[in-house]
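For reference, the structure is listed below as structure tokens.
Bear in mind that the values in this text are calculations on the coordinates, not laboratory data. All values reported here derive from a predicted model rather than from experimental measurement. Here the Cβ positions follow ideal geometry from the backbone for every residue, glycine too, while neighbour counts run over all protein chains shown.
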Amino acid sequence: MGKRSCTFSPLFLKNNRMIYMRLLTVLFLSLIFSKGYGQLKSAERAYDGMRYTEAIGYYQESMKRDSLSAASIAKLADSYDKTQQYTKALYWYDKLLTSHVSDTAYRYRYGQLLAMDGQYKAAATQFKWVNSVKPDPQLESTVGLYEGGLNALLADSVNWQTALLNINSGYADFCPVTYGAGLVFVSDRPRNKVFRETNAWTGGDFLTLYRVVDTARVKDAGLRTKELEQVLSYASKDLRNVDSRTASSWDSKKVSTNPQATFVAVPNQLSREMITPFNTKLNKRYHEGPVSFSRNWDSIIVTYNEPSKGKGDVSRLRLQTYVMRYGDWIPQSAFPHNNKDYNVGQPALHPNGDVLFFTSDMPGGAGGKDIYYCRKSGNSWGSPINAGPLVNTNGNEMFPYIDPTGRLYFSSDKWPGLGGLDIFSVTLDSAYKPLSTPRNEGAPFNSPKNDFGILIEANGNKGYFSSDRRGNDDIYIFWRIYPAMGRQ
């Protein structure tokens with residue numbers, strides 16, 4: 001009896017093994033849940049901090065352990081959207097909408113992404129649903145355009161030719177402006193710096209200004225001619241261009257995914273010696289650009305990020321003017337309408353130098369981002385004037401530009417168009433007010449993707465514009481191949 005009392009029955013051992021296995025299972029599942037929950041919390045923090053590339057990585061890790069809620073799917077879709085990964089954004093918005101989400105903002109953006117994917121009939125269906133809930137004249141016109149066909153916006157394409165330029169890097173390059181015999185433009189191409197600061201929004205470098213001295217070097221990137229042989233970069237030898245690994249010496253340690261997610265190679269690039277930083281004295285810690293020059297290039301107005309003042313504060317866009325004195329750019333008084341509570345950026349000086357157009361989301365606008373202008377008042381600028389309902393909508397109107405004749409160009413994602421931001425133009429009266437509803441410039445200037453940042457030479461037959469139709473922002477040249485047919 002004594003010996004037997006020191007042993008365990010087979011049933012007792014079996015029961016204890018079962019309890020032990022259950023405990024292990026519970027512990028294992030708890031660890032998985034804890035890790036998945038931790039990834040999700042990290043994703044939420046990254047998203048709320050506008051570190052969208054980082055948020056995508058955390059959401060992807062979280063999905064390996066559990067499905068995402070509708071709220072998380074919406075944030076993942078928005079993160080892809082804000083980093084210009086539109087195909088993936090469309091996929092996740094589609095997932096979100098199949099969960100019977102009835103939010104009009106989600107359906108509206110889903111419709112916009114469908115249009116950017118060339119699915120115009122499907123986009124019209126979404127827009128009709130949104131319009132039935134909240135009637136909108138521009139949206140109704142867009143539905144009519146998509147259901148009736150896009151011929152009116154395609155007809156003029158036979159008169160123009162466009163080409164991708166060799167000044168592009170494969171990263172974001174956009175908003176060219178004339179400077180002397182060359183161009184100044186905005187780019188987030190990797191800088192030649194030992195210590196890089198990274199834009200957590202996209203995982204890439206911050207935007208800064210670059211210059212090509214002579215437009216004679218600006219060529220169709222599809223060409224390879226003998227005169228270009230000495231100025232091409234042979235970009236395939238540049239590891240920053242071709243390295244698609246998720247870990248390399250150029251990756252940021254601050255983000256969890258490859259910052260080159262939207263990189264699209266460009267053939268026959270100009271060498272780095274031919275495209276140089278515009279002026280490092282104008283560089284700040286964060287973004288620089290777009291810019292606008294005076295007619296004689298003796299003053300420049302630069303868009304900057306205003307550094308946030310404290311934790312959780314959002315950096316806003318602001319404008320800063322510099323004048324050329326004794327071969328150097330000298331800062332002037334701050335633009336009087338900069339504000340820590342809203343954005344003021346994307347300047348466009350009228351050729352007469354007395355009026356400044358810009359983009360802002362200041363209170364009192366039509367909604368989203370609006371075009372405003374100020375008149376010169378002594379040595380400063382008068383009060384901002386909203387460009388009015390013939391330009392601004394409850395969507396986004398951005399990237400104003402005044403051509404040599406005084407015509408206003410801008411981009412909008414709300415006026416009826418081919419998708420994304422389309423380039424529009426309108427004639428202004430002597431008080432700088434629009435005389436009619438804007439004209440969509442149509443193809444080939446516009447595409448299903450985002451088209452913006454136009455620049456037109458004096459005779460109107462040649463110029464440049466920006467577009468992400470290849471998957472990232474690029475600069476294109478355009479020129480007229482047939483005479484205008486009644487266009488003013």
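Could you list SER315, SER292, SER132 in order of exposure, starting from the residue whose Cβ has the fewest other Cβ atoms within 10 Å?
In increasing order of surrounding Cβ atoms, one gets SER132, SER315, SER292.
Measure out, as a whole number of angstrom, how far apart the alpha-carbon centroids of segment 105-170 and segment 281-305 sit. Using only Cα atoms, the two centres lie 32 Å from each other. Each Lys or Arg adds one and each Asp or Glu subtracts one; over the other residues with Cβ under 12 Å from the Cβ of PRO363, this totals -3.
Residue exposure proxy: VAL143, VAL213, ordered by other Cβ atoms within 10 angstrom of their Cβ from fewest to most, comes out as VAL213, VAL143.
Quick one: Cα convex hull volume of segment 281-405, Å³ per residue?
112 Å³
Sorting the segments 387-395, 326-334 by their residues' average number of neighbouring beta-carbon atoms within 10 angstrom, most packed first, yields 387-395, 326-334. Shape class for segment 87-212, computed from the alpha carbon gyration tensor (a ≥ b ≥ c): oblate, with a/c not under 1.5 and a/b at or below b/c. Multiplying the residue separation of LYS462 and THR280 by 0.36 nm and removing their Cα-Cα distance gives an extension gain of 62.5 nm.
Each peptide in 169-182, 370-383 gets a packing score, the mean of other Cβ atoms within 10 Å over its residues, and the list from highest to lowest is 169-182, 370-383.
Of the peptides 417-427, 121-131, the ranking by mean beta-carbon count within 10 Å, highest at the top, reads 417-427, 121-131.
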